[in-house]
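Structure record follows, encoded as structure tokens.
Quick note: the coordinates plus some simple rules give every number you see, no bench work behind them. Keep in mind that what you see is a predicted model, and the values were worked out from it rather than measured. Here the Cβ positions follow ideal geometry from the backbone for every residue, glycine too, while neighbour counts run over all protein chains shown.
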Amino acid sequence: MKRRHRMPFGAELVNTGGVRFRLWAPDAKGVELCLRGDDAEHYLPMATQEGGWFELTAPGANARSCYRFRIDGGQHVPDPAARRNPDDVQGPSEVTDPEAFDWRDGDWRGRPWEEAVIYELHVGSFSPAGDFAGVAERLDHLAAVGVTAVELMPLADFPGARNWGYDGVLPFAPDSRYGSPDDLKRLIQAAHLRGLMVFLDVVYNHFGPEGNYLHLYAKRFFTERHHTPWGAALNFDGPDSRTVRDFFIHNALYWLEEFHFDGLRFDAVHAIIDDSRPDLLEELAAAVQAGPGRERAIHLVLEDDDNRAHYLRTGPEGAGGFSAQWNDDIHHALHVLATGEADGYYADYAGRPLWYLGRCLSEGFAYQGEASPYRDGRPRGEPSAQLPTTAFVAFQQNHDQIGNRAFGERLTSLAAPRVVRATTAILLLAPAPPLLFMGEEFGAPQPFLFFCDFGAELAAAVTEGRRREFDRFARFAGAEAREAIPDPNAPETFERSRLDWALLAQPQHQDWLAFYRDLLHLRQREIVPRLSRGPAESYFRLHGEGGLEVGWHLRDAARLLLLANLADRPLTGLTHPAGQPLYVPDPQVAAALTQGELPPWTTTWWLDPGPAEH
């Protein structure tokens, strides 16, 4: 089977032979195609077209031809829509033939969203090889644990040898450090053959600071009408915004169609500023539904600090088309409970973290329009209680929440094992789809630090800026403390973040792996079949200092109950839960519950399967 997404820009092989090259350069007077031959580069003038476009069909070009563009007889630039840029972002682009890859997963139709157990990973630090093949080698491990979806951090070609991926500047080109486009396709095909979905994290809110030449010849890609943390916003609602919108909508369709990804995670959509209707997200979701979404299950997931529930609703009151949103609220509440940390954005949850956790588990967002002290009192969020429980991706670790710490510590380095086990048992069995960060399932001790590889001048600014980010944290108030924060550009910062798979041979890490595997298998067997895509009636109540009770009515009248003690003291005066024990960590806990007690840092789950199963 062949797969190809046709685009109105970039380099496209034509049926009659040769390659059509097309670039939007409305601020350029002239553009030349620089086509690399056997002995030199050949400069071919491109025809000017209406709307700022330049086009040329080169009969002598073919797959693997290397090319770039020369703007107004001066600066050479890569193709912003290149499918491959083998010599980093400053080098020439390469023509590829998407149909040269022979797909063998034609029967794959995806999986229902309610089955999602997501495993986020960074390709470069996940394996010793640091490439797509290194990820493929561990797919059997992930499937055996109970993972159903692999989520790759951004792949768009970035400057240098190492990067989280959020500084990409060539959104259509998988970074060559990880392998070729065909290597990525082999990874996705291998995942599908094992029943695993594959999602991709995409960044549509900014371009990285190094290697982006759009300001030179297409200033209208950006607008000063709106601003983001990275400067002028992308132009999604001003003059000539149609081309910018099409660029990113085609990017989404390209990954879903040409690479057969099962879904996309959209980074920081609160920084996508668009006053038009439909806005970019709405239009993009509709294009996906009308395209690849007609043939198989496609899942679109948001990261949105504004907690805008209307993107997750269907019908006249909502945009629809998005399966879920990353729920930072549940992470923050769990983290405050587990660690006691209360600075930075954790301050919004420090006063009553247990209440916020209960609200997240039963209603989705903790902040549904209330004022956020961390955001200077600005209201945050929209009501979410009427959304499906599956509309909120839950996690207690991910790349942001580990990597944005000064020293990249994982939760197991910050809290006692019994505390982490209690919170993990909540995460993995609650109706919301859980997300794990690479290595979490075996208690990996390696930090995940912020790393990059910029040129010298920018590198110094990034290092200093990284250290200034922590001025608001009391423990980094002094210059000496900030100097101890690892240098993002140092190669050893990246190497310290690489997973050590040899640890799986050690008993303590085998124990963590068995714990995660057993809970995830229990989830797939008992919870997933009872989940519904519609709203589930739910409630929560608090008991004493650390007691939390949450109940859900699921499909076929089944009732699921969480009873947990997330405090250092025993919880007393309880009524024994109704239903069958789904998860009780040990016989001592079961015995204590008969006396109305729950030991410190203990999570239990109970299930009444409904009349049909009695």
Inset, instruction - Kindly express, to the nearest 10 degrees and within the range 0 to 90, the angle between helix 456-468's C-alpha long axis and the longest C-alpha principal axis of the chain. - result: 20 degrees
Legend entry - Calculated FRET value between Glu224 and Gln595, using beta carbons and R₀ = 45 Å, to 0.05: 0.10
Legend entry - Sites Asn15 and Arg64 - FRET efficiency at Förster radius 22 Å, r taken between beta-carbons, to 0.05: 0.75
Inset, instruction - Starting with the fewest neighbours, write out Glu545, Glu469 ranked by other beta-carbon atoms found within 10 Å of each beta-carbon. - result: Glu545, Glu469
Legend entry - Net charge, Ala459 excluded, C-beta distance under 14 Å - Lys, Arg +1, Asp, Glu -1: -3
Legend entry - Principal axis dimensions, largest first and in whole angstrom, of region 10-100 by Cα: 35, 27, 23
Inset, instruction - Show that you can apply the helix-only estimate: for the chain, add -39,500 (n - 2.57) for every DSSP H stretch of four or more residues, divide by all residues, and state [θ] at 222 nm to the nearest 500. - result: -7000 deg cm²/dmol
Legend entry - Cα gyration tensor, region 489-614 - rounded (a/c under 1.5), prolate or oblate: prolate
Legend entry - Over the chain, volume per residue of the alpha carbon convex hull, in Å³: 160 Å³
Legend entry - On Cα atoms only, tilt of 241-258 relative to the major axis of the chain in degrees: 70 degrees
Inset, instruction - Please give the peptides 102-109, 207-214, 301-308 ranked by average Cβ packing (other Cβ atoms within 10 Å per residue), highest first, as a rough proxy for protection. - result: 301-308, 207-214, 102-109
Inset, instruction - Treating the angle as unsigned and between 0 and 90°, give the value, to the nearest 10°, between the Cα long axis of helix 353-363 and the longest Cα principal axis of the chain. - result: 70 degrees
Inset, instruction - Check the straight Cα-Cα distances from Lys2 and name the lysines below 23 Å, setting aside those fewer than 8 residues away within the same chain. - result: Lys185
